[in-house]
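Structure, as structure tokens:
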Amino acid sequence: MKWMSELLMPVSRGRSSKLHDLGLAKIAQGGYGLWNPNDETLILLPEGKILFQRTEDFLLRSLEAFRPQRLDCGTSARGALDAAVRLIKRAADLPVLLAERRGDELRLLGLHGDFEASLEMANDALRAVGGAVCTLGLRLRRVDRLTPEGHRVDLLCRSEAPLRGEEGLVCPDCGWMAAFDSPCRFGGETSDAAPEELREVATPGCSTVEKLCEYLKIAPSRIVKCMFYAVEGRGLAAVILRADRQVCLEKVRAAFQGASVRPAEPDELAAVMGDSAGYMGPVGLPASVALLADFSAVGVKNAVVGANKPGFHKTGACWGRDFKTDFVADVTLLQKGDHCPHCGTALEKSELRRIAAFRPVDPVGLAEPSLTFFNGSAKAHVPTWSAEIDLTALLSAASENSERWPGEIAPFDVYVYWEGDEAPDALAPLIDALESAGLRVVGDDRGGTFENRRAEAAAIRAPQTVCLKKGGDGWLLDVTRNGRSETFSPAQFAAQQETFSAAERRPFRT
């Protein structure tokens with residue numbers, strides 16, 4: 001039993017106007033933490049620490065098939081990786097899943113003796129964590145990303161002004177979500193128009209898409225633009241795409257098998273293409289320039305392209321007849337107005353909250369020369385995957401999407417308060433009875449107005465809230481649970497508690 005008068009739990013009836021993240025504001029409002037605007041962190045108070053710890057425990061239970069080993073690596077710079085280098089020596093030590101809490105992150109490091117099995121382990125862990133989080137009432141979307149460190153899979157949910165969020169895209173009809181750099185295969189529009197003759201036209205002062213559209217009175221989708229990049233070990237490469245699309249540099253890098261890629265410098269470009277910046281196109285490129293086409297440029301007809309000389313463009317350019325390449329890849333960003341791949345509705349911009357990030361191949365582990373084991377015949381490198389789960393983001397999302405903490409992670413099961421001017425004598429016996437049913441209970445034994453106690457009970461967000469009040473024939477209990485409020489006699493309420501205890505405190509199982 002815990003009494004509010006004994007807890008460091010400063011509940012407030014209103015949310016802070018300085019904290020725009022609604023879910024995080026609700027956590028602070030409930031007395032689980034204090035918001036520090038100086039460094040934008042949540043200072044956890046005692047019940048908040050329990051909330052975070054139970055969430056960590058809940059997530060690790062979802063991974064129990066992998067027998068996660070909890071570590072505390074202190075100030076070790078690389079955390080679990082430093083432990084793995086010292087622990088893994090032979091095949092019998094694998095596979096293993098190491099788990100470490102760092103601040104408000106739960107970090108995972110998976111190690112396996114086989115590369116393909118390591119990828120499978122990472123994917124299974126991703127599904128287990130995603131499934132567990134969804135049981136908390138969140139709608140997640142798996143989003144594959146290409147980052148400078150390699151392939152990453154994010155678990156995202158839609159949110160209003162998240163603290164550590166990012167702008168992304170959402171389908172307003174089916175809820176499909178994506179980041180701007182998510183994989184997409186945006187193809188060019190098919191056309192039944194007859195191919196036009198390739199003609200060179202003067203376009204003075206039209207070195208930008210905007211000026212060219214204005215001069216020729218056409219839409220950007222009629223233009224195939226040509227952008228040049230310097231690729232490590234490959235020289236210059238030209239990337240062509242429809243002019244209403246934007247290049248994703250990481251996708252270009254992935255198309256060149258992870259080679260270093262950067263925009264070409266003017267002198268590099270002039271050495272190969274001459275003084276034609278702003279007027280370059282795919283027709284008649286030098287053999288030394290690799291041509292990479294985005295799907296949006298494949299099959300285009302009667303497009304406008306640069307003529308590779310200042311002040312001129314070509315009209316009527318057709319894929320296959322005037323330019324073509326077998327090197328085709330998705331190299332563009334998704335954008336507002338693109339069609340949802342599931343239902344075809346136009347995508348809209350939205351704020352997204354990242355709950356977790358999984359790296360199927362951990363880049364730090366991959367680069368660690370000491371991470372080896374004896375496979376029976378020789379030393380081999382240990383394949384690794386990693387993940388970071390943002391507990392603050394997870395709990396903020398859960399708080400934003402529900403009025404009650406799910407029973408699996410709540411610090412306590414029942415919050416009891418009362419109606420009237422003085423704490424009733426029946427309060428302590430009621431709490432004793434609830435605890436006898438196996439429930440964790442917090443009771444409000446403080447004075448003040450009933451309106452304040454009721455507002456604080458709502459802010460605390462316990463899975464079950466009980467208000468003790470005097471009825472005509474004795475005590476009655478107003479019970480709020482699962483979004484519904486009902487009134488019971490003490491006998492009726494007591495009969496329900498064993499069922500509630502078993503249902504609300506069930507451990508998560510895969």
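Rounded if a/c is under 1.5, else prolate if a/b beats b/c, else oblate: with a ≥ b ≥ c from the C-alpha gyration tensor eigenvalues square-rooted, which is segment 54-161? Taking the square roots of the gyration eigenvalues as a ≥ b ≥ c, segment 54-161 is prolate. Simple point charges give the picture: +1 on the Cβ of Lys and Arg, -1 on the Cβ of Asp and Glu, and for the chain a dipole about the Cα centre of about 780 debye.
Here's how it looks for CYS248: its modeled amide H is under 5 Å from those of THR332, LEU333, which are all 5 or more places away or on a different chain.
What's the angle, to the nearest 10 degrees (0 to 90), between helix 391-401's Cα axis and the longest principal axis of the chain? The angle comes out near 80 degrees. Over the residues of the chain, the helix contribution to mean residue ellipticity at 222 nm works out to -7500 deg cm²/dmol, using -39500 (n - 2.57) for each DSSP H run of at least 4. Specify whether the C-alpha gyration tensor of segment 340-492 places it in the rounded, prolate or oblate class, a ≥ b ≥ c being the square roots of the eigenvalues: rounded for a/c under 1.5, otherwise prolate if a/b is larger than b/c and oblate if not. In terms of gyration-tensor shape, prolate. Exposure proxy for MET227, MET280: other Cβ atoms within 10 Å of each Cβ, ordered fewest to most, give MET227, MET280.
What is the antiparallel percent of DSSP beta bridges lying wholly in segment 414-504, to the nearest 5? Given both bridge residues lie in segment 414-504, the antiparallel proportion sits at roughly 60 percent. So what's the net charge close to ARG446: Lys and Arg +1, Asp and Glu -1, counting the other residues with Cβ under 10 Å from its Cβ? Taking every other residue near ARG446 into account, the sum is -2. Taking a ≥ b ≥ c as the square roots of the eigenvalues of the Cα gyration tensor of segment 425-472, is the shape rounded (a/c under 1.5), prolate (a/b larger than b/c) or oblate? Oblate shape, in that a/c is at least 1.5 and b/c is the bigger or equal ratio. For LYS217, a cut-off of 19 angstrom between C-alpha atoms picks up these lysines, skipping any fewer than 8 places away in its own chain: LYS225, LYS301, LYS314. Would you tally the net charge around GLY306, using a Cβ to Cβ cut-off of less than 9 Å, leaving GLY306 out, and scoring K and R as +1, D and E as -1? Surrounding charge for GLY306 is +3. Helix 46-62 axis versus longest C-alpha principal axis of the chain: approximately 60°, rounded to the nearest ten. Per the Cα gyration tensor, the chain maps to an equivalent ellipsoid with semi-axes of 57, 30, 18 Å, ordered largest to smallest. By the rule of a C-alpha distance below 29 Å, with chain neighbours fewer than 8 residues away ignored, the lysines paired with LYS469 are LYS2, LYS26. Within segment 335-367, whose backbone N sits under 18 Å from a point 7 Å along Cα→Cβ of GLU166? Zone members listed by number: 335-336, 348-364. The modelled label-to-label distance between ASN452 and ASP114, using points 7 Å beyond Cα along the C-beta direction, is 6.5 nm. Beta-bridge orientation, the chain: approximately 80 percent antiparallel, per DSSP, counting only bridges with both partners inside.
Here r is the Cβ-Cβ distance between SER17 and LYS349 and R0 is 30 Å; the resulting FRET efficiency, rounded to 0.05, is 0.75. For segment 199-329, the antiparallel share of DSSP beta bridges with both residues in that region comes to about 70%.
Rule-based calculations on the coordinates, nothing more; no lab input. Quick caveat: nothing in here was measured; it's all calculated off a predicted structure. We place every Cβ from the backbone using ideal geometry, glycine too, and count neighbours over all the protein chains shown.
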